[in-house]
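K.L.:
Take a look at this one; I'll ask things after.
The values are calculated or read from the model by the stated rules, or taken from the named source; none is laboratory data. Only a predicted model underlies this, so the values are computations on that prediction, with no experimental measurement involved. Because the Cβ atoms are built from the backbone with ideal geometry, glycine has one as well, and the counts that use them run over all protein chains shown.
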Amino acid sequence: MPNVPPCPVCQGGGARCFFSQHQVPVQCGYLAPTRDAALHSPLGDITLHHCPGCGHVWNSSFDPDRMGFDPAYDFSQYHSPSYRAYVEGAIQRLIRRYDLGGKTALDIACGKGDFLRLLVAGGMARAIGFDPTFVDSSLTAADRERITVHRKFYDSSERSLHPALVTCRSALQYIPDPRTFLLGVREALADDPQTILCFEVPNGAEPFLERVVWYVMYEAGCFFSAASLARLFRDCGFQVLDVLPALGGSHLEIEARPAASPTPSPEESGARLSRLADEVEAFPAEYTRQVEKWSRRFGEFDQRRQSVALWGGGMRAVSLLVNVPAAAAAVQHVVDVNPARQGRYLPKTGQRVISPAELADLRPDVVIATNPHYAAEIREQVAALGLAPEFDVLG
């Protein structure tokens, strides 16, 4: 048996490999400019381990050097009204709960700066961003009066900034050594014991607890549960104040502050760790069941000669198309409301991403919403286009 690596969260041994997959796209958020390039996208393997000590799941085959986070990478969800409403609500919660109005926020891995704009619009006096892929031209003159972005990684050297709030959204899961990274954040905040942290990550337990197999892709090196997220922050010198489900449970938000002797969070209870372990054990069988279910579903579409389009060109769409060959053969177009993704092609299977207006011209027989958390919004958008297709949701 090969050596099992120590857990990247708690450093414990005893982890078990429970699922593996080969030749999957290394990035769902990077779409190719041509179909040929998409068909030859970089591929990697998934080797999932589960740590019984803290509940963490991670891909031991994950290689961060294969991830190309350049300016062409765009996985933004800010074009969705539902997502924007969620983010704006989260900002208001933080400002009210911790009296942050008129203070300085710092956002790690700020991307295109969308969250920075919402922070200052929501009541923060200034917002500082860190991201080596940031495109400077995305800031307007008005933005620059209150927003500053550094095109580099945030680390322990940034002790002079003294932010009242530090945020990081949907980035921690890409870091293969999250413990070292968060210890660097703790060192940077050594002189700021009152600083509030709010990190958001995809709910890494959802594929197992809710049996959503489509969330398992190479791009997420770490699958954080509420338990492992809380353990990570505690071990790195932060007192966990709250762990909240977000976006219908598909994401987690953790609120914390620096502490000399942090105490365990209720999320770390043995009962919760035991339930997660049971669901991890059941995952491979559920994966097989879901693949067979959707293979039959697409076989039915083919028999009825129905044209099918997916709505939502993110991780779930890529996962469905990669794992279900019948879906890849049937689907030619994937709708996405993000203009930066339109006209490009999904990795490995090569479907073209189109705008909602283009879907109106194609008039498909079936539209499948790839994310159930946006299903109601998508159904309304389909109807607004004057279409009345059979509507389904990828569970």
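K.L.:
Go through the range 238-267 and report how many residues are out of contact with any Ser or Thr (no Cβ under 6 Å at 6 or more places or on another chain), in a strand (DSSP E or B), free of Cβ contacts under 8 Å to residues at least 60 places away in the same chain and of a type outside the set (S, T, N, Q).
P.N.:
8
K.L.:
I would also like to ask the following. Which numbered condition trips up V353, out of (1) modelled with pLDDT under 95; (2) surrounded by 19 or more Cβ atoms within 10 Å (Cβ to Cβ)?
P.N.:
With respect to (1) modelled with pLDDT under 95; (2) surrounded by 19 or more Cβ atoms within 10 Å (Cβ to Cβ), V353 is out only on (1).
K.L.:
Right, here's the next one. Give me the residue from the range 132-158 that is outside any loop (DSSP other than H, G, I, E, B) and surrounded by 14 or more Cβ atoms within 10 Å (Cβ to Cβ) and, out of that set, modelled with the lowest pLDDT.
P.N.:
Here the answer is S138.
K.L.:
Please enumerate the residues belonging to the range 172-227 that are of a type in the set (A, V, I, L, M), under 19 Å from the mean Cα position of the chain (by Cα) and within 30 Å of S160 (Cβ to Cβ).
P.N.:
Passing the criteria: L172, I175, L182, L197, V201.
K.L.:
Considering only residues that are in contact (Cβ under 8 Å) with a residue 40 or more places away in the chain, over 22 Å from the mean Cα position of the chain (by Cα) and part of a helix (DSSP H, G or I), which ones fall in the range 98-131?
P.N.:
Y98, the sole residue that qualifies.
K.L.:
Against the definition (in a loop (DSSP other than H, G, I, E, B), touching a helix residue (DSSP H, G or I) at 6+ places or on another chain (Cβ under 7 Å) and touching a residue at least 12 places away in the same chain (Cβ under 8 Å)), how does G299 come out, yes or no?
P.N.:
Considered against the rule, which asks whether it is in a loop (DSSP other than H, G, I, E, B), touching a helix residue (DSSP H, G or I) at 6+ places or on another chain (Cβ under 7 Å) and touching a residue at least 12 places away in the same chain (Cβ under 8 Å), G299 comes out as no.
K.L.:
Considering each residue of the range 132-171, count those that are of a type in the set (D, E, K, R) and within 19 Å of the chain's Cα centre (by Cα), and give that number.
P.N.:
1
K.L.:
I'm trying to understand the selection: among the residues of the range 302-339, which are in contact (Cβ under 8 Å) with a residue 24 or more places away in the chain, crowded, with 23+ Cβ neighbours inside 10 Å, among the aliphatic types (A, V, I, L, M) and in a strand (DSSP E or B)?
P.N.:
A309, L310, V334, V335
K.L.:
Would you check if H56 is under 17 Å from the mean Cα position of the chain (by Cα) and at pLDDT 95 or above?
P.N.:
Answer is yes for this residue.
K.L.:
Got a sec? Which of A383, A375 is among the hydrophobic types (A, V, I, L, M, F, W, C), under 25 Å from R289 (Cβ atoms) and either outside any loop (DSSP other than H, G, I, E, B) or at pLDDT below 95 (or both)?
P.N.:
Just a single option satisfies the conditions, and that option is A375.
K.L.:
Still on this structure, I have one more. Looking at the range 131-163, which of the residues that are in contact with a helix residue (DSSP H, G or I) (Cβ under 8 Å, 6 or more places away or on another chain) and among the basic types (K, R) is nearest to P193 (Cα to Cα)?
P.N.:
R159
K.L.:
I'd like to check something: does the range 84-95 contain any residue that is under 20 Å from A220 (Cα atoms), basic (K, R), at pLDDT below 90 and surrounded by fewer than 19 Cβ atoms within 10 Å (Cβ to Cβ)?
P.N.:
Within the range 84-95, not a single residue is under 20 Å from A220 (Cα atoms), basic (K, R), at pLDDT below 90 and surrounded by fewer than 19 Cβ atoms within 10 Å (Cβ to Cβ).
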